[in-house]
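The values are calculated or read from the model by the stated rules, or taken from the named source; none is laboratory data. Fair warning: this is a prediction, and the values are worked out from it, not measured in the lab. Here the Cβ positions follow ideal geometry from the backbone for every residue, glycine too, while neighbour counts run over all protein chains shown. Areas reflect the complete protein model, heavy atoms only, side chains present, ligands, DNA and RNA absent. Shrake-Rupley method; radii C 1.70, N 1.55, O 1.52, S 1.80 Å.
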Amino acid sequence: MTTYEAMLIVIPELDEEQVENTVGRFRTIIERTGGEAGEPKHWGRRKLAYEIDNRTDGFYVVMEFTTGERTLVELKRILRVSDDVLRHTIVKLPPSYAHKPLPEPEEVPA
C-alpha cells in the first residue's frame, strides 16, 4: 500500500452537503477496495486561477489516503468522468511526508 494525496475541485453550484456526498463517494471507493482514507480537509469555496467550464470558483477538498495501484487507476477513471468534479490531482507522497498534518490554508480576502 502506498500513500497518496488527492485534491479535488468540486463545482460551485453544489451546497455543502452535496460536496460532502461527492467526497464520500470517493472515500467509499477507497475503503471498499481495502484502502484507508484519511479525514478530508475542506478548504472551502475559492476563486480559481483561471476559468474552467465558465466557472470562476469551486470547492477545494484535500485528502490523504493509502491504496494499491489497481484502485488508483479506477479512482482516476471515476474522477475524470464525474460531473461534480471540475479538476483533480493525485500525487504519491514520500514516506517522510505521509501522515503529517497539512498546514491550515491562509484566508483569502474576498
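Structure above, values below:
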| read-out | value |
| --- | --- |
| Computed helical MRE - 222 nm, the chain, DSSP H runs ≥ 4 contributing -39500 (n - 2.57), nearest 500 | -9000 deg cm²/dmol |
| Isotropic mean projected area of the C-alpha convex hull, the chain (nm²) | 7.2 |
| Cβ-defined net charge surrounding GLY38, 10 Å radius [Lys, Arg +1; Asp, Glu -1] | -2 |
| Length gained when the stretch GLU69-LYS47 is fully extended (0.36 nm per residue, less Cα-Cα span) | 4.7 nm |
| Fully extended contour minus Cα-Cα distance, from GLU16 to LYS76, at 0.36 nm per residue | 19.3 nm |
| Whole-angstrom gap from segment 11-41 to segment 72-96, using each part's C-alpha centre | 12 |
| Cross-link reach list, aspartates and glutamates versus LYS92, counting only Cα pairs under 15 Å and skipping chain neighbours closer than eight places | GLU5, GLU36, GLU64, GLU69 |
| Computed magnitude of the charge dipole of the chain (debye, nearest 20; Cβ of K, R +1, Cβ of D, E -1) | 500 |
| P(r) histogram, all alpha-carbon pairs of segment 34-87 included - 5 Å bins from 0, percent | 4, 16, 19, 24, 20, 10, 6, 1 |
| Net charge of Cβ neighbours under 12 Å - reference LYS47; Lys, Arg +1; Asp, Glu -1 | +1 |
| Under the Karplus curve 6.51 cos²θ - 1.76 cosθ + 1.60, θ = phi - 60°, whole-Hz ³J(HN,Hα) for segment 60-74, x wherever Gly or Pro sits | 9, 9, 10, 8, 9, 8, 10, 6, x, 5, 5, 5, 4, 4, 5 |
| Solvent exposure of the chain as accessible area per residue, Å², 1.4 Å probe | 66 |
